[in-house]
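Notes follow once the structure below has been shown.
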Amino acid sequence: MSRVGNLPVSMPKGVDINFTKGNLVTVKGPKGSLSEQIDPDITIKMVDGEMTFARPTDQNRHKALHGLSRALVNNMIVGVTDGFTKTLELVGVGYRVTNTGNLLEIIVGYSHPIYFYVPEEIKVETKSEKGSNPMIILSSMDKQLLGQVAAKIRAYRKPEPYKGKGIKYSTEILRRKAGKTSGKK
């Protein structure tokens, strides 16, 4: 029994949802429009302003698609109403970041700066205040694209476990390792 798949998705005011017979779900809201192709085996029903999802059998594939389909549609609804935000933090001496429009210039200890173009669907902002680490703030209505871009930026310099230097998510907790112990007797 899928706990996520059985939950109904409520419809907030100002959101319009259309789905075709081939399960192409289109969500329109104040921030824009998103569409996603849901597997045709999953049936979608609208009852009293709530969407419900049902699967045809209890096969593992259908169980997995049941919860996934509901989560994708719910993320689209949240995205077009509120939007999503991810914050990346650059930890390290001399690490800097600046943006010109959607072009990021990242300096993280290599011999050259890294230039990364953020897609138009994502709004990017950088903060560099004295006494705190530089930050990259990404916001978008598409959760999947936002997570993919944030992971790609983080991959340029993943945080290392000894000093914690690198690009990390602001909510990420790093497991630190103890360094060498000098125990000569």
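The values are calculated or read from the model by the stated rules, or taken from the named source; none is laboratory data. All of these numbers come straight from a predicted model, not from anything done at the bench. No Cβ is skipped: glycine too gets one built from the backbone with ideal geometry, and neighbour counts run over all protein chains shown. When the accessible area is computed, the model is the full protein with side chains, heavy atoms only, and any ligands, DNA or RNA have been set aside. Shrake-Rupley method; radii C 1.70, N 1.55, O 1.52, S 1.80 Å.
Counted by Cβ distance under 14 Å from Arg3, the other residues give a net charge of +3, where Lys and Arg count +1 and Asp and Glu count -1. If I compute solvent accessible area with a 1.4 Å probe over the protein chains, what percent of it on the chain is carbon and sulfur? Ligands and nucleic acids excluded, carbon and sulfur reach 52 percent. With mean projected area of the Cα convex hull in nm² as the read-out, I listed [x] 16.4; [y] 10.6; [z] 14.3; which label goes with the value calculated from this structure? Label [x] holds the value from this structure. Would you mind checking the tilt of helix 60-81 against the longest principal axis of the Cα atoms of the chain, expressed as 0 to 90 degrees and rounded to 10? It works out to around 80 degrees. Here region 126-185 and region 1-66 have alpha carbon centers that stand 35 Å from each other.
Judged by the ratio a/c of the largest to the smallest principal axis of the C-alpha gyration tensor, region 1-49 counts as oblate, that ratio being 1.5 or greater while a/b is no larger than b/c. Classify region 75-172: rounded, prolate or oblate, from the alpha-carbon gyration tensor (a ≥ b ≥ c, eigenvalue square roots; a/c under 1.5 rounded; otherwise prolate if a/b is larger than b/c)? Prolate, since a/c reaches 1.5 and a/b exceeds b/c.
Each Lys or Arg adds one and each Asp or Glu subtracts one; over the other residues with Cβ under 12 Å from the Cβ of Arg55, this totals 0. Under 11 Å from a label point set 7 Å out along the Cα-to-Cβ vector of Glu125, the amide N atoms of region 138-182 belong to 138-139. Loop-located GluC sites (Glu not before Pro) in region 111-185 (DSSP state not H, G, I, E or B) with no more than 13 neighbouring Cβ atoms inside 10 Å: Glu120, Glu129, Glu172. Computed over neighbours whose Cβ is under 14 Å from that of Leu145, the net charge equals +1, Lys and Arg +1, Asp and Glu -1.
Report, to the nearest 10°, how far helix 143-154 tilts away from the longest principal axis of the Cα atoms in the chain, using its own Cα long axis and a range of 0 to 90°. Long axis of 143-154 versus the principal axis of the chain: about 10 degrees. The trypsin sites (Lys or Arg not before Pro) of region 114-174 that DSSP puts in a loop, and whose beta carbon has at most 11 other beta carbons within 10 Å, are Lys130. When you filter the chymotrypsin sites (Phe, Trp or Tyr not before Pro) in region 44-124 for DSSP loop state and at most 16 other Cβ atoms inside 10 Å of their Cβ, you are left with Tyr110.
Counting only protein heavy atoms and a 1.4 Å probe, the chain has 63 square angstrom of accessible area per residue.
A straight Cα-to-Cα reach below 23 Å connects Lys177 with the lysines Lys158, Lys163, Lys165, Lys168, residues fewer than 8 places away in its own chain not being considered. Inter-label distance, Leu24 to Gln37: 0.9 nm, where each label sits 7 Å from its Cα along the C-beta direction.
Each Lys and Arg adds +1 at its Cβ and each Asp and Glu adds -1 at its Cβ; summed about the Cα centre, the chain shows a dipole of about 1400 debye.
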